[in-house]
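Everything below concerns the one structure shown next.
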Amino acid sequence: MQEAYTRSRSVIAVVDDDESVRTAVESLLRASGYSVRTYADAFAFLQSAGPGETHCLISDIQMPGMCGVQMHEALVARGVHIPIIFITGYPGELPVVSAGAQDLIACLAKPFQADQLMDFIELALARHA
């Protein structure tokens with residue numbers, strides 16, 4: 001019962017320009033008891049209250065306008081450190097994260113296994129606590 005209480009208090013933000021990915025990840029996380037906020041791009045997340053209330057950030061790397069790595073750099077520049085899980089449709093692509101590298105939990109290639117994502121979320125939340 002304590003785990004469910006903790007999960008319901010944990011806010012996971014999903015930033016991805018692909019609506020189908022956002023919806024699928026949101027459904028998985030809500031079914032697992034998490035509170036989820038979704039954003040269609042990095043600018044929407046950065047301009048929202050999201051950075052201040054997010055315990056784990058799941059972000060696509062390649063997005064129009066501002067990529068996930070640039071979004072992460074903008075957060076670090078603001079002094080905001082959120083554990084982040086990058087997802088990518090390009091398996092050979094590895095993010096170059098210099099500042100705030102301690103925030104990076106994992107980089108998963110799409111399509112990824114739900115249980116693998118859930119394991120990394122638990123790791124991220126443990127690190128955030």
- prompt: Just one of the numbered conditions (1) out of contact with any helix residue (DSSP H, G or I) (no Cβ under 8 Å at 6 or more places or on another chain); (2) at pLDDT 95 or above is not true of Ile58; which one?
  reply: (1)
- request: Can you tell me which residue among Asp60, Asp41, Asp103 is in contact with a His (Cβ under 8 Å, 6 or more places away or on another chain) and touching a residue at least 12 places away in the same chain (Cβ under 8 Å)?
  value: Asp103
message: I'd like the full set of residues that are surrounded by fewer than 18 Cβ atoms within 10 Å (Cβ to Cβ) and under 22 Å from Ala126 (Cβ atoms), limited to segment 53-72.
response: Glu53
query: Within segment 34-52, can one find any residue that is among the hydroxyl-bearing types (Ser, Thr, Tyr), crowded, with 21+ Cβ neighbours inside 10 Å and more than 15 Å from Leu104 (Cβ to Cβ)?
result: yes
- prompt: Got a number for residues in segment 39-83 being part of a loop (DSSP other than H, G, I, E, B) and of a type in the set (Val, Ile, Thr)?
  reply: 4
statement: In segment 11-22, residues that are in contact (Cβ under 8 Å) with a residue 12 or more places away in the chain, surrounded by fewer than 21 Cβ atoms within 10 Å (Cβ to Cβ) and either out of contact with any Ser or Thr (no Cβ under 9 Å at 6 or more places or on another chain) or not aliphatic (A, V, I, L, M) (or both) total 5
- prompt: In segment 21-36, what residues are of a type in the set (Ser, Thr, Tyr) and within 14 Å of the chain's Cα centre (by Cα)?
  reply: Thr23, Tyr34, Ser35
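The values are calculated or read from the model by the stated rules, or taken from the named source; none is laboratory data. These figures come from a predicted structure and were not determined experimentally. Here Cβ is always computed from backbone atoms with ideal geometry, including for glycine, and neighbour counts include all displayed protein chains.
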